[in-house]
Amino acid sequence: MKVIVVMDSPPLQPLDDKLLWELKQRVASLGGYLGNHAFNNVQVWISLDNIQELAAWSRITLIRKPMKPQLHDVMSDSLRDCGVGDWRRGGITGRGVKVGIIDAGFSGYADLLGSALPEQVEIQLQGTSFFSSKHGTACAEMVHAVAPDADLFLVNIDDLAVDFVNAVEWLQAKGVAVISSSIGLNLKVFCQQAYNVIWGNDASLHAAGSVINYLDQVKQQWNAIISDAVAHGIVWSQAAGNDARKRWSGPFLDEDGDGLLNFSSLDNRNKIDVNGCVNEDVYVLLLWNGTSNRYDDYDLYIVNQNESVVAQSDLDQERFPIGIEACKFKVRTGEEYYLVVHQYSFTSSDHVDNLILLIGHEQFPELQYFDPSGTVTLNCPASNSNVITVGAVQLTSSPPGAVIESYSSQGPAGDLLKPDMVAPDGFDTTSFSHFNGTSAAAPYVAGICALVRQRYPEFTPTRIKAYLESNALDLGAAGKDNVYGSGLVRLPADFACREDSPAGCATPASCAGVGAFWYGGGCSLAPRREVRDYNEAIAEAPVRLGDGANDGRISNGEGLVLEVDFPLPGETSNYALISFDGNAYFIDSGNQGNFLTKAFTSAENGKIFETADLCALLPGYQGQWGVYFLSVPAEAGDLQTLEALSDYLESDKGQYVFGQYIVQIDCRQ
Ligand SMILES: [Ca+2]
Ligand SMILES: [Ca+2]
Ligand SMILES: [Ca+2]
């Protein structure tokens, strides 16, 4: 095998010829030969069996595998990190996790296979056209950007009532662990359906009530199948919707007495900023309650900047006793649109009606006067208690991700605080140059769910949701709120704490406390070892300092680190880091950065580290153990990441030489 031998000589000076010659002799005597060299690095071809003997020479400081050039990592600059980078560097990439994406269309997906998407994906045509939109393709790109090794399953739907149910069933049959959904029964569907019933050719006004009941019924069906999917282990990441500025509610007030609703004391009009949706239909719905089956009569008008009526809905509420009016207009270039509500008549003056105005469009038309509260309620499945409802925050805000997007739907949803969390949007994808909306935020969180699922395969959907909520960065009002949920999604920084990246620490102080590097999740691609009898598990723990260690003394700078992850019966994850300075550091995952130290003498007194010592250290911890290995020689700059380490290791099993130590590794039990 080819290795790089780092010599004990000044790193910025040419290698001494005599030293090089001496190395050549030693390598040759072990059946190997030299290649090129640069500074104190020498390429050496040598059999794995002989590396240990070569490494015993005191003039060698390190033997490592060549560092392969890394492809540009999309996470580093085009995605807001949210802790994903640390996990990715720690080897958590979504490998082995199946993620399903339900969307209207996946146009252009095939062109992206092997680049912005995995080499292959599995698709299912549930609706009639798989290529009706790029929206789903962009969502798949988001998942892939966060969890590049996750397997993707794309399913398109045309009909929300039938296709949706079949799509979920297909994904369940495929065994997906995560579903990302950026579609739903949203305001557009609601307003469109209501409009069609009122003003369609076969209009029957009584059906206006039944359409609402029908949509309620579809919602109930959705909720049933979603709850069933979650109960069967699927984590569901759901876009909250982009409806925050598409709803206004308030009493009918007419301060200037002209019969038109006053949105402010001076303003009878509520501008609809159509945001460039030229040639598209926008639906507007007005709803109000009656008293004793009697309804005051309001009419709804859309006027343009010249006060010309563009659309109107003026049902006679005496003939049709239901509090609803619905308009539709097509957006034209250069035209502005204002919403006006006229009180045609009222049944008695002993009450004030509360009115709700809704704009139906899937993009971003916004009302000048709006009330975002409760807009999640209007979106299903975003209002479902079992899903992770994701709002969107601005990617470019400062500090990053701190400001809610004005369109991101807000809670509550009934009794529930919603959304559950927020994630950035506005990413550059291949499908959309700026992928805005909660549609982008939901697959981002779905990708993060895939990472969590890979690292903690035993986590239930409920626990993954709780894990993400407890690690989220609280924004807005203290605690979980109806704007940001539990806050900005964020993976805990428990993968990296190293000198070159103190930002990876829970706190810089915790870095200083350890005094060196620590990593988690070594060999995490392997199924984690779980043995019920922890004593037995420890006896077979895969890591120890081997018998051949020169002095058996682990002194500062030579670190060998063992991480032990042992969930307790109470489902708290704890970590023990046994470090070179003779102390064991315990971290409670619920209290990261808080190190509890415990003396660990056998490393300090020159003995070989034996796994039995761990038992003595941790007598109180019983339950299932996952013990896995990580070693980080502090002087070996190239082995200070898990990627470099895994590159270094020829296989997951065997004896390895790290500087003067021999380490027995067995990652795949
Ligand atoms: Ca008025
Ligand atoms: Ca009316
Ligand atoms: Ca908050």
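The values are calculated or read from the model by the stated rules, or taken from the named source; none is laboratory data. What you see is a predicted model, and the numbers here were worked out from it, not measured in a lab. A quick note on method: Cβ atoms are made from the backbone with ideal geometry, for glycine too, and the neighbour counts reach across all protein chains shown. With ligands, DNA and RNA removed, areas are computed over all heavy atoms of the protein, side chains included. Shrake-Rupley method; radii C 1.70, N 1.55, O 1.52, S 1.80 Å.
Observations, loosely collected:
- Verdict on residue 325 being under 13 Å from residue 284 (Cβ atoms), charged (D, E, K, R) and either open to solvent by 10 Å² or more (accessible area, probe 1.4 Å) or under 46 Å from the mean Cα position of the chain (by Cα) (or both): yes
- Residue in the range 460-488 that is farthest from ligand 2 (Cβ to nearest atom), counting only those that are modelled with pLDDT under 95 and of a type in the set (A, V, I, L, M, F, W, C): 473
- Within the range 2-50, the set of residues being among the hydroxyl-bearing types (Ser, Thr, Tyr) and in a helix (DSSP H, G or I) comprises just one member, 29.
- Selection of the range 263-286 for residues being more than 22 Å from residue 363 (Cβ to Cβ), surrounded by fewer than 20 Cβ atoms within 10 Å (Cβ to Cβ) and either of a type in the set (A, V, I, L, M, F, W, C) or free of Cβ contacts under 8 Å to residues at least 12 places away in the same chain (or both) yields 265, 266.
- Taken as a whole, the structure places residue 161 among residues that are among the aliphatic types (A, V, I, L, M) and either open to solvent by 30 Å² or more (accessible area, probe 1.4 Å) or in a loop (DSSP other than H, G, I, E, B) (or both).
- Yes/no for residue 377 being in contact with a Ser or Thr (Cβ under 9 Å, 6 or more places away or on another chain) and within 30 Å of residue 182 (Cβ to Cβ): yes
- Selection status of residue 347, within 13 Å of ligand 2 (Cβ to nearest atom) and part of a loop (DSSP other than H, G, I, E, B): yes
- Residues in the range 381-408 that are at pLDDT below 85 and crowded, with 21+ Cβ neighbours inside 10 Å: 395, 401.
- All conditions but one from (1) at pLDDT 90 or above; (2) over 40 Å from the mean Cα position of the chain (by Cα) apply to residue 294; the one that does not is (1).
- Listed by position, the strands (runs of 3 or more DSSP E) enclosed by the range 251-326 that each have at least 1 residues that are touching a helix residue (DSSP H, G or I) at 6+ places or on another chain (Cβ under 8 Å) and aliphatic (A, V, I, L, M) are 281-288.
- Here the condition is being over 37 Å from the mean Cα position of the chain (by Cα) and more than 16 Å from ligand 2 (Cβ to nearest atom); of 300, 266, it holds for 266 alone.
- In the set 452, 422, 483, only one residue is among the aliphatic types (A, V, I, L, M) and assigned to a helix (DSSP H, G or I); that residue is 452.
- Residue among 451, 491 that alone is modelled with pLDDT under 90 and away from ligand 3 (no atom under 16 Å from the Cβ): 491
- Verdict on residue 370 being of a type outside the set (S, T, N, Q) and open to solvent by 10 Å² or more (accessible area, probe 1.4 Å): yes
- Selection from the range 108-131 of residues that are assigned to a loop (DSSP other than H, G, I, E, B) and either under 17 Å from residue 430 (Cβ atoms) or open to solvent by 70 Å² or more (accessible area, probe 1.4 Å) (or both): 108, 114, 115, 116, 118, 119, 120, 121, 128, 131
- Some residue of the range 386-403 being without any contact (Cβ under 8 Å) to a residue 12 or more places away in the chain and closer than 22 Å to residue 323 by Cα: no
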